[in-house]
Amino acid sequence: MMRRSLILAALAVLSSAPALAQQKVLPTPQSQLGFTFRQMGVPVQGQFKTWDAQLSFDPKKPEATTVKFNVNMGSVSFGAAETEAEAAKAPWFNVPKFPQAQFQSTAVKAAGPGKLAVSGKLNIKGSVRDVTVPVSLSQAGGVTTATGTFAIKRLDFKIGDGEWADTSIVADDVQVNFKFAVQGVAPL
């Protein structure tokens, strides 16, 4: 009798595993990854058009969540081809040498109803920094939406170094913002 209970418990755990494995972040336009900075006091917005994400999220066990992002730095869009070509160069993103930026979660904590604090390592241009990302969650029509904004310092990642390190021209503060639509998450 005890053995049968253990087998049934194991089957219950295994049958719930595929739901986590089937979670999928929907592409643009449902999901977006962007940023805002100031150049000569004027806000400038950009976004990344190509990225991929792997995640495993169980609303009942947020501490077991894992998130991994890879961002194609050459997919940056400002709506102006000459600006995008400049951003790919060595002083900025140096896309030939560093084609991808990565984020890998290291800890996730519940931060209130529908809220998470996702800590992890952000790697841009070979510079790695610890960041904590506040995430707000909502669900509708079988889709979970995760939104948030967090700040980084561009010079921490050698973005706009050399002659562009003057923060009176291009501010050091960058606000990263995201909206990710995810299918396959259990009810919150």
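The values are calculated or read from the model by the stated rules, or taken from the named source; none is laboratory data. A quick note: this is a predicted structure, and the numbers were derived from the prediction, not measured. Please note: Cβ atoms are built from the backbone with ideal geometry, for glycine as well, and neighbour counts cover all protein chains shown. When the accessible area is computed, the model is the full protein with side chains, heavy atoms only, and any ligands, DNA or RNA have been set aside. Shrake-Rupley method; radii C 1.70, N 1.55, O 1.52, S 1.80 Å.
Checked against (1) at pLDDT 95 or above; (2) assigned to a helix (DSSP H, G or I), ALA101 passes all but a single condition, namely (2).
Count of the range 151-167 residues, restricted to those that are in contact with a strand residue (DSSP E or B) (Cβ under 7 Å, 6 or more places away or on another chain), more than 14 Å from ALA101 (Cβ to Cβ) and surrounded by fewer than 19 Cβ atoms within 10 Å (Cβ to Cβ), is 3. Would it be correct to say that PRO113 is on the phi < 0 side of the Ramachandran plot and assigned to a loop (DSSP other than H, G, I, E, B)? It is true that PRO113 is on the phi < 0 side of the Ramachandran plot and assigned to a loop (DSSP other than H, G, I, E, B). Identify all residues within the range 40-93 that are part of a helix (DSSP H, G or I), open to solvent by 40 Å² or more (accessible area, probe 1.4 Å) and of a type in the set (A, V, I, L, M, F, W, C); write none if there are none. The answer is ALA64, ALA81, ALA85. Looking at (1) open to solvent by 30 Å² or more (accessible area, probe 1.4 Å); (2) part of a loop (DSSP other than H, G, I, E, B), which one does THR132 not meet, given that it meets all the others? That leaves (2) as the condition not met. Any chance you could count how many residues in the range 25-39 are within 17 Å of the chain's Cα centre (by Cα) and open to solvent by less than 60 Å² (accessible area, probe 1.4 Å)? Adding up the residues that qualify gives 7.
Residues of the range 23-39 that are in contact (Cβ under 8 Å) with a residue 60 or more places away in the chain, over 19 Å from LEU122 (Cβ atoms) and not in a strand (DSSP E or B): GLN23, LEU26, GLN30.
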